[in-house]
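Chemist: Have a look at this one before I ask anything.
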Amino acid sequence: MITTRLVGLLGSTLAVAGLFRVAPQEDAALSQLDANRINREPIVVFDVSGGTLAGPTFEHLTVYDDGFASYSNVSAFSRARVEGKSIRDNGAERLILNLIDAGAADLTDQDGMVMDVPLSTLTIFRGGTNSQAHTYSYWLGVNGHEAVDNLLSEFISEHFPE
């Protein structure tokens with residue numbers, strides 16, 4: 001009896017699953033097309049998050065290779081905001097090149113921990129669908145991190161003024 005029910009249940013399950021099967025691709029040429037049809041790949045992702053004496057803070061910047069950038073900020077120091085805009089005059093490309101010139105592709109995590117300072121994390125990408133990336137975190141813009149930190153602060157101030 002249990003075996004009959006299991007066989008019946010299995011048969012019903014297979015029948016229902018057959019309704020949702022995806023038909024095999026009929027045109028082999030379609031599989032050769034570039035899977036990336038949207039040209040908006042991130043090249044810079046920057047986060048600042050953590051606690052301070054005044055309360056928690058979170059800041060996020062993403063810059064894309066097509067010149068679009070988005071920025072969000074929530075903290076005890078300012079009202080919450082989210083913005084997105086196209087950056088003119090190759091500003092996105094200039095940012096990634098300036099970051100690389102400042103050493104962003106070679107910097108590593110900062111040693112130790114600092115109290116009451118949020119952690120900054122930067123990821124730079126080489127672009128493309130299967131992009132390679134370099135990520136590291138730091139507490140303070142010192143010991144090699146200052147140039148990168150200044151470039152990011154200047155970019156945010158210029159394109160997302162408060």
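Chemist: Hey, quick one: spin label on GLU162, modelled 7 Å out along Cα-Cβ, who in the range 75-117 has an amide N within reach, i.e. under 12 Å?
Modeler: 75-81
Chemist: Here's a follow-up. Mind checking which of ILE87, SER120, ASN130 is farthest towards the positive end of the range 42-159's charge dipole, using Cβ charges of +1 (Lys, Arg) and -1 (Asp, Glu) about the Cα centre?
Modeler: ILE87
Chemist: Translational diffusion coefficient of the range 47-162 at 4 °C, 1.567 mPa s, Stokes-Einstein with Kirkwood Rh over Cα pairs, in µm²/s as a whole number.
Modeler: 87 µm²/s
Chemist: Now for a separate question. What net charge do the residues around ASP66 carry, taking every other residue with its C-beta under 11 Å from that of ASP66, with Lys and Arg at +1 and Asp and Glu at -1?
Modeler: Counting the neighbours of ASP66, the net charge comes to -2.
Chemist: Which of THR62, THR52 comes first, and how do the rest follow, when ranked by fewest Cβ neighbours within 10 Å?
Modeler: THR52, THR62
Chemist: Hey, another quick one. Treat the count of other C-beta atoms within 10 Å as a stand-in for reagent exposure and order ASP66, ASP116, ASP149 from fewest to most.
Modeler: So the residues, fewest neighbours to most, are ASP116, ASP66, ASP149.
Chemist: Counting pairs of alpha carbon atoms under 8 Å apart in space and at least six apart in sequence, what relative contact order in percent does the range 42-159 give?
Modeler: 25 percent
Chemist: Give me PHE46, PHE77 sorted ascending by neighbouring Cβ count inside 10 Å, so fewest comes first.
Modeler: In increasing order of surrounding Cβ atoms, one gets PHE77, PHE46.
Values quoted throughout were computed directly from the atomic coordinates according to the rules given, and no laboratory measurement underlies them. Bear in mind the structure is a predicted one, so any value in this text is a computation, not a measurement. For neighbour counting, all protein chains shown are included, and Cβ atoms are generated from backbone atoms with ideal geometry for every residue, glycine included.
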